[in-house]
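Throughout, read-outs are computed from the coordinates displayed, never taken from laboratory work. The shown structure was predicted, so the numbers you read here are calculated from the model rather than taken from an experiment. All Cβ positions, glycine included, derive from the backbone under ideal geometry; neighbour counts span all protein chains shown.
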Amino acid sequence: MDKIAICAGSFDPPTMGHLNIIERGLKIFDKLVVAVATNTSKKPILNVKERVDLLAKLLKAYKDKIEVVSFNGLLVDFAKQRKVRTLLRGIRNMSDYEYESQMALVNKALYPSLETIFMMTEGKYSHLSSTFIREILTFGGSCKGMIHPQVEKLLKSKLK
Ligand code: ADP
């Protein structure tokens, strides 16, 4: 049976850190469902379709192993619906750990057979967050090395 995990997030925008976790995740799992959350409380810079299309483009080399979709509502309900029992999450630092460990416990309470697997970020990506990327680009800074050039191009055209 295939080992499948869901890699969920807002991905607004996807960063090199996200892509790194997904690519490394493929060494552990046979398939990944990259799930773009539609119900984020943050004000999005990219709409959900743009985020899904962008991730599908960035990950097209792995298209046999990765499905990029959006989901509404609770991640546990999406996981149940897809019959997936593993979540893959990236951890950058202690504040991610605190937030992510709480979320893993809440998800476990809602869906007891769900397991959350944490993967430590690569050091060179540990400072990257979508929030900072949005801020840097909004004020005209360069995000070279932080996001894929295709992401930078799309964001710059949106911010014009
Ligand atoms: P959220 O909207 O829940 O904060 P994100 O879309 O920012 O989620 O991120 C989704 C997942 O990717 C989370 O597990 C988050 O910790 C992880 N992540 C975000 N940035 C990085 C990074 N630079 N390196 C590794 N993991 C990351």
Report the gain in length on full extension from ARG24 to SER101: 0.36 nm times residue separation, minus Cα-Cα distance, nm rounded to one decimal. 25.7 nm
As a quick test, which of the pairs LYS3/LYS158; LYS49/LYS80; LYS3/LYS63 have an alpha carbon distance above 26 angstrom in this structure? LYS3/LYS158
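Could you sort 77-87, 97-107 so that the peptide with the highest average Cβ count within 10 Å comes first and the rest follow in order?
Top of the packing list down: 77-87, 97-107.
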Taking a ≥ b ≥ c as the square roots of the Cα gyration tensor eigenvalues, with a/c under 1.5 meaning rounded and otherwise prolate when a/b beats b/c, else oblate, which class fits segment 87-145? prolate
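For ASN93 and ASP64 in the same chain, what is the full-extension length gain: residue separation times 0.36 nm, less their Cα-Cα distance, in nm?
7.3 nm
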Residues of segment 106-147 with amide N under 15 Å of the 7 Å Cα→Cβ point at LYS3: 115-120
Given H placed on each backbone N at 1.01 Å, which residues far from ILE117 in sequence or on other chains put an amide H within less than 5 Å of it? LEU87, LEU88, ARG89
If neighbour count is taken as other Cβ atoms inside 10 Å, put HIS18, HIS127 in order from fewest to most. HIS127, HIS18
More than 21 Å apart - percent of Cα-Cα pairs taken over segment 62-160: 53 percent
For all pairs of alpha-carbon atoms in segment 4-126, what percent lies in each bin of width 10 Å, listed from the first bin to the last filled one? 13, 46, 38, 3
Distance between modelled label sites at MET120 and ALA56, nm, 7 Å Cα→Cβ extension: 3.6 nm
When ASP30, ASP96 are ordered from fewest to most other Cβ atoms inside 10 Å of their Cβ, what list results? ASP30, ASP96
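Report, in cubic angstrom per residue, the convex hull volume of the C-alpha atoms of segment 14-57.
So the per-residue Cα hull volume is 87 Å³.
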Per-residue HN-Hα couplings for segment 100-117 [Karplus 6.51, -1.76, 1.60; θ = phi - 60°; Hz; x = Gly/Pro]: 5, 5, 5, 5, 4, 5, 5, 4, 5, 5, 7, 8, x, 8, 7, 10, 10, 9
Within straight cross-link reach of LYS60, meaning Cα distance under 12 Å, which aspartates and glutamates are found once same-chain residues fewer than 8 apart are removed? GLU23
Kindly provide the helix-only [θ] at 222 nm of the chain, computed as the sum of -39,500 (n - 2.57) over DSSP H runs of four or more divided by all residues, to the nearest 500 deg cm²/dmol? -12500 deg cm²/dmol
Using a 10 Å cut-off around each Cβ, can you sort VAL33, VAL69 from fewest to most neighbouring Cβ atoms? VAL69, VAL33
Subtract the Cα-Cα distance of LYS83 and SER129 from 0.36 nm times their separation in residues, and report this length gain in nm to one decimal. 13.6 nm
Treating the angle as unsigned and between 0 and 90°, give the value, to the nearest 10°, between the Cα long axis of helix 149-159 and the longest Cα principal axis of the chain. 70 degrees
